[in-house]
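Participant: The structure that follows is given in the form of structure tokens.
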Amino acid sequence: MVGQINHHLYRKRGFYYFCRRVPKALLEHYPKPRIVVALKTRQFRDALRQSQIISKRLDDQWFHMQLDVMGLDNVRSKLFEPVKPSAPLMSEATSFYLRLKGDGKDKVFVRAAQRNAASVIEVLGDRPINNYASSEAGKLRDALLDRGLAVTSIKRMFGSVKAIINLAMAEHGIEGRNPFASIYMPDETPEERQPIPLDAIRGIQRDCMTVDDENRWLLALISDTGMRLSEAAGLHRDDIVLDADIPHINVRPHPWRRLKTKGSERLVPLVGASLWAAKRLKQHDSSYAFPRYCDGQTCNANSASAALNKWLKPRANEDAVVHSLRHFMRDRLRAVECPSDIIDQIGEWSSSTVGSSYGKGYELPVLTKSRVSRWLISWRL
């Protein structure tokens, strides 16, 4: 489809072209009565800028031709010298990326893209995206490593930056290689955290019941379900089901909190400290289980993590974090010889077997009977 924009620009199949009629007095010097140049961009502002540059060149050249100052060979070399598309600054590319890709995404996605681009700008400057070099991307990696960032976090950040630049290069018709692609990342040795002792977990659960506030409900809920912190913090009050034959949590995605994987959507039985916490949560009036961290627009699990970790460490060990409870939940299930596929379903730990991806998984009665049920019940205080 061809769309006329103005007397110098038109659009064909989404891309802009420059078109201008040759003056009658100069037609003998040109093979065609019109000059057409593919601008290789979908962006009107960029096309308009190129159009103005080409028009200015033509005006100058035609003026000199009419004065018989410039020869035809010189005119051709000047006229058809390719006009390079202008590359947006990193900040502009990020805004463009979020305008196209951020629609319908939550604030976490937007903030992550802005934060990652800001890291590039802080270290390398806010420059046109095709002015960065791979060697400079390597310097950014080294700077982030020196700050103590984990390799997995840096990889995630580079993936976001690559996506921003790839989109800008494609949309602006910029040729070349993304400087943030194929940057070497060192291997990361997983940090071994000391497990939280059994008696420490029981003491933590008792302290949660003594303090009896929103943060302690959150910690107790995680301690006997193995839920991720973001899953628990983003619960709606209706996700807590106490009037069923088997009390449980319905872990499902919400507009304010996505789940890590499709398989994360599941039912988790409630017993022990988690059942106590669920009952307390159902007694307050908020629509959200943890209104301090979830308001229906966003779910701030990072804020919850900071507050809970500070309270948890003196009661466990200096290496302990909230996520340690999820890890130890798996160890506790192994200790009672719980079948591995049931363990995987309760905590939504990925399984390496092909068969695990088939079927709907175990129903709640299976998840709460036999060794699992006896073990969970033994944890009631």
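Rule-based calculations on the coordinates, nothing more; no lab input. Keep in mind the model is a prediction, meaning the values are calculated, not measured. Cβ coordinates were reconstructed from backbone atoms using ideal geometry, including for glycine residues, and neighbour counts include every protein chain displayed.
Participant: Report the extension gain between Asp245 and Leu167 in nm, rounded to one decimal, defined as 0.36 nm multiplied by the number of residues separating them, less their alpha carbon distance.
Facilitator: 23.0 nm
Participant: I would also like to ask the following. Mind checking the full-extension length gain between Tyr30 and Tyr10? Use 0.36 nm per residue of separation minus the Cα-Cα distance, one decimal, nm. Can you show the working numbers first?
Facilitator: Working: separation 20, 0.36 × 20 = 7.20 nm, distance 2.12 nm.
Here the segment from Tyr30 to Tyr10 would lengthen by 5.1 nm.
Participant: What is region 90-171's relative contact order, in percent, from Cα pairs under 8 angstrom and six or more apart in sequence?
Facilitator: Over region 90-171, the number comes to 42 percent.
Participant: Once a ≥ b ≥ c are taken as the square roots of the eigenvalues of the Cα gyration tensor of region 90-171, is the result rounded (a/c under 1.5), prolate (a/b larger than b/c) or oblate (a/b not larger than b/c)?
Facilitator: Working: a/c = 2.10, a/b = 1.28, b/c = 1.64.
The shape class here is oblate.
Participant: Now a separate question. Take the Cα of Arg156, step 7 Å along the line toward its Cβ, and report every residue of region 86-114 whose backbone nitrogen sits under 18 Å from that point.
Facilitator: 105-114
Participant: By count of other Cβ within 10 Å, fewest leading, how are Ile342, Ile54 ordered?
Facilitator: Ile342, Ile54
Participant: Distance from the Cα centre of region 270-338 to that of region 83-139, in angstrom?
Facilitator: Comparing the Cα centres of region 270-338 and region 83-139, I get a distance of 35 Å.
Participant: Sort Val321, Val110 so the one with the fewest other Cβ atoms within 10 Å of its own Cβ comes first.
Facilitator: So the residues, fewest neighbours to most, are Val110, Val321.
Participant: Within a 10 angstrom radius of the beta carbon, how do Trp62, Trp276, Trp217 rank from fewest other beta carbons to most?
Facilitator: Trp62, Trp276, Trp217
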